[in-house]
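Participant: Sending over a structure as structure tokens; questions will come in a sec.
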Amino acid sequence: MKALFAFLRTYPTRSAILLLSFLVAGLAEGLSLSVLLPLISIADGNTPDPGISTYIIDTLNALNIGHSFVVLLSIVVGGIFIRSILLLIANQQIGYSVAKIATSLRLELIDALLASKWQFYLRQPTGALANSIATEAYRAAVGFQNGSRFIALIVQVAVYTCVAMFISWKATIISLFFGAIFLALLHHLVRSAGHAGTGQTVLLKSLLSYLTDVLGSVKSLKAMSRDKVANEILRAQTNELESAVRREVINTEALRALQEPMLAILAAVGLYFSVEVLNLTLSSVMVLAFLLARILGLLNSAQREFLHLKTKESAYWALLTAAQQARKAAESSSGKKIPTLQADICIKDLNFSYGTKIIFNDLNLKIPVGAFIVLIGASGEGKSTLLDLLCGLVEPQSGDILIDGVPLKEIDLHAWRRMIGYVSQDTILLHDSILNNILIGQSNLTELDAENAMKQAGIWDFVNNLPKGHLTVVGERGGLLSGGQRQRVAIARALAHDPQILVLDEPTSSLDQNSERVICETLRKLSKNHTIIAASHQPLLIETADYVFEIKEGKAVPHKNDPHNFSQTRAVASNANVLR
């Protein structure tokens, strides 16, 4: 129920319309039910029973409406019609709310994740995030639907109970008392189904996380004939999920099967008590029989809706927890200054560590604007980390990164990143067209921007000769393109928004010699108009650079790389190979 109350607080306007519609619909239904008693008496030719029948007739006479058969019948039909209209409005609000809640939860999680620190994001399993956005958000929204139906049913129970109490409060209380006992006895099925629903949430997250990783590595696994091992693990997790689903279904159906006969017995007991003990008239017994059967049936349905709510609310809390954790890990950029890059990027006395592992110790480095810089160093020395620091993805423990003399922490981080074109070490393309892989849905970029970027990246002629041109789909992770083609599409993506700086992490490490040469030629041309900072240990890229800096033992040692001084070039390249 906590999830339902949370929904109602989050969407107060829709919730108010929903609750008001249920309440007024209940009152309209209560009025039509109340009129049934005098209606049956008049239709049977008897004098209406004292009590509620007399009160209704006196009220109608006082309003100069009369209490003829036609008037009473019209009130019954009118009440049912008004109830149906109001329930339609309420159900429309439920439908809108389900769609809105699912969308809001998805967007809330996506926004929180994208605003979180890079290191937090790295710790999140991709499959679990996909499950939260696709499945858990919908399950949570459907839980709101179940909760809303539960409220509607409880309102109807309250209305029917009030009318039944006017007819015979003794018979009503006795039936409800024993009904409550039976429902309480069945409540353990609700709890058990709720636990099964929680288990499904956990198991789905685990299964999809592992499945995502397996699908990303399926080529390697098949090549080593280890796909069967992965298959067995997936089968085991799938079987556990099946068990949780089976427990939920069994509990739900057991509840359904036990409720109806129990409630039928209670209705029969209530009627027997009414006729044999209280000696009620035929019209009163008929209406009371209808009301008691309806009340107990509604309680039956309400308990089932509550059960469905319990099985789905775990998805809501899991998704909410994920969003809260991401918000706690949000990037804390408080800088307001708009960056310029006309002189240099200066790293001054920078210290950075991962836990107890020191990466940089008083690192100092100056990167002039318009230069082509390559960072070399052994694996683990911090080349990629330095790129992350320059992009503001991680923060140093001390020291400064100065952009034209202004500390990066004082600069608007988003404005700074818009000046950067980034190409990661693992070039992963979307299963989409080349055009969409370059633009990535950015609304302020056009096909012309993509065309210019492809020309700069040296891939325009290749793309233009494809049967579908830039609309060609590249396949899963770009698998339908060669390594060099994927890399140049990634470079075109980085160039599409016309950045001032290109940051590249091992841009040629997985390429053959010919593809590497093409990429280096492309970067050499780009260096005429861009500052380029690349982390690499490839000799050809080192030879292409203006400056090479060796990252070693937390320091940066500069090397002037003059393309005309081949002995010096080879020395730097040899040093990089040794470090590698």
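Participant: For A330, list long-range residues whose amide hydrogen, built 1.01 Å from N in the peptide plane, is under 5 Å from its own amide hydrogen.
Facilitator: The answer is K117.
Participant: Here's another thing I want to ask about it. Suppose a student asked you for the relative contact order of the range 344-579, using Cα pairs under 8 Å spaced at least 6 residues apart; what percent would you report?
Facilitator: Relative contact order comes out at 28 percent.
Participant: Sticking with this one: List the residues whose amide H sits under 5 Å from the amide H of I347, counting only those 5 or more places along or on another chain, with H placed 1.01 Å from N in the peptide plane.
Facilitator: Counting only residues 5 or more places away or on other chains, the set is L365, K366, I367, L402.
Participant: Straight distance only, please: which aspartates and glutamates reach the Cα of K455 with their own Cα at less than 14 Å, same-chain residues fewer than 8 apart left out?
Facilitator: Those aspartates and glutamates meeting the cut-off are E447, D498, E521.
Participant: Tabulate in residue order the Karplus-calculated ³J(HN,Hα) for the range 530-542, using 6.51 cos²θ - 1.76 cosθ + 1.60 with θ = phi - 60°, rounded to whole Hz; enter x for Gly and Pro.
Facilitator: Couplings: 9, 7, 10, 10, 10, 9, 6, 10, 7, x, 5, 5, 4 Hz.
Participant: Still on this model: Treat each spin label as a single point 7 Å out from the Cα along the C-beta direction, and report the E242 to A6 distance in nm.
Facilitator: Those two pseudo-labels are separated by 3.2 nm.
Participant: I've got another one for you. So, in nm, how far is label K328 from label Y121 when the simple model puts each one 7 Å beyond its Cα toward the Cβ?
Facilitator: A separation of 2.0 nm, rounded to one decimal place.
Participant: Right, next: For the pairs K409/K528; K383/K525; K117/K525; K357/K383; K117/K383, note any where the Cα-Cα span goes beyond 22 Å.
Facilitator: Too far apart for the 22 Å limit: K409/K528; K383/K525; K117/K525.
Participant: Related question: Show me the ranking of peptides 330-341, 171-182 by mean Cβ neighbours inside 10 Å, starting with the highest.
Facilitator: Per-residue mean Cβ counts within 10 Å order the peptides as 171-182, 330-341.
Read-outs throughout are calculated quantities, based only on the coordinates presented, and are distinct from any laboratory measurement. Quick caveat: nothing in here was measured; it's all calculated off a predicted structure. Ideal geometry is used to build each Cβ from the backbone, glycine not excepted, and the neighbour counts take in all protein chains shown.
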